[in-house]
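Single-structure report; data block below.
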Amino acid sequence: MITQTNPDLDRLSVGELAATLPGATAVFRKFKVNFCCRGDIRLADAARQRGLKASELEEALRALEGSDAPPSLSMGTNELIDHILSRFHEVHRRELTELVALARKVEAVHANHPQAPHGLADLLQQMRGELEVHMKKEELILFPAMRRGAGASLDAPIAQMRHDHNDHGEHLRRLEALTNDFTPPGEACRSWQALYTGTAKLSEDLMEHVHLENYVLFPRFQEIPTP
């Protein structure tokens, strides 16, 4: 448990805190701290990158003391994989298809608007393609091997998945830039509002997805890289 005298806040990386401290992911979202693709840094460094005082993050995290452990930590490997497949893989496939079509509509209808998200549909299409390849590699190769209990032989494929995750992180940063941090203009139509609501959800889901694999699932077969 984290207390005022416990060194865990200084010792653990942002990603490890998100994986082990209940409620930490909500805190990191509030302060816009990347806890998935760039989660292998210390809390002080994460605060510095966001122009925050480390004490602000520490105070918010210490207020979580006593909460229940994240359910994912108690899941067996098979249950965790099943959760990832149903909660993230299936959802990404369904929602990205809808978002690409919606983005093309908004870009066409509002082509002359100064805040129109030009290029968003192409970015979402690229994300859909790259995510599909990534998820297929997990579904056909990595996850079955994990279910069989393979060990050190998974170092290379896990390293590749981590590399793919870094690319996903770059896409998320571009999503934020193209959508003004998912904030439509005041006069935006309902389609535009729905598009930004959907892309914001996609961003949150993908962060959770990547974090769950990087800091909960993969460490069962490979150690987390040391910050």
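Summary table below
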quantity: Rounded to 10°, Cα long-axis angle of helix 155-178 versus longest principal axis of the chain; calculated: 40 degrees
quantity: GNM top mover of Arg93, Arg148, Arg42 - the chain, alpha-carbon springs below 10 Å; calculated: Arg148
quantity: Residue of Gly23, Gly51, Gly129 that the Gaussian network model of the chain assigns the largest fluctuation, springs spanning Cα pairs under 10 Å; calculated: Gly51
quantity: Efficiency of FRET from Cβ geometry, Glu187 and His163, R₀ 35 Å, rounded to 0.05; calculated: 0.25
quantity: Alpha carbon centroid spacing (whole Å) that separates segment 121-141 from segment 169-193; calculated: 21 Å
quantity: Length-normalised contact order of the chain in % [C-alpha pairs under 8 Å, at least 6 apart]; calculated: 27 percent
quantity: Mean residue ellipticity (222 nm) of the chain, computed from DSSP H runs ≥ 4 via -39,500 (n - 2.57), nearest 500; calculated: -18500 deg cm²/dmol
quantity: Tail weight of P(r) past 24 Å, computed on alpha-carbon pairs of the chain, percent; calculated: 49 percent
quantity: GNM flexibility winner over the chain from Ser203, Ser191, Ser13 (Cα, springs under 10 Å); calculated: Ser191
quantity: Cβ-Cβ FRET estimate between Leu73 and Arg11, R0 fixed at 22 Å, reported to 0.05; calculated: 0.75
quantity: Under 25 Å between alpha carbons - lysine pairs in the chain that sit 8 or more apart or on different chains; calculated: 7
quantity: Segment 126-225: GluC sites (Glu not before Pro) in DSSP loop, at most 14 other beta carbons within 10 Å; calculated: Glu187, Glu223
quantity: Cleavage-rule hits (chymotrypsin sites (Phe, Trp or Tyr not before Pro)) in segment 22-62: DSSP loop, at most 15 neighbouring Cβ within 10 angstrom; calculated: Phe31
quantity: Rounded to 10°, Cα long-axis angle of helix 190-212 versus longest principal axis of the chain; calculated: 20 degrees
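Coordinate-derived values only; no laboratory data. Treat the numbers as computed from the prediction; the structure is a model and nothing was measured. No Cβ is skipped: glycine too gets one built from the backbone with ideal geometry, and neighbour counts run over all protein chains shown.
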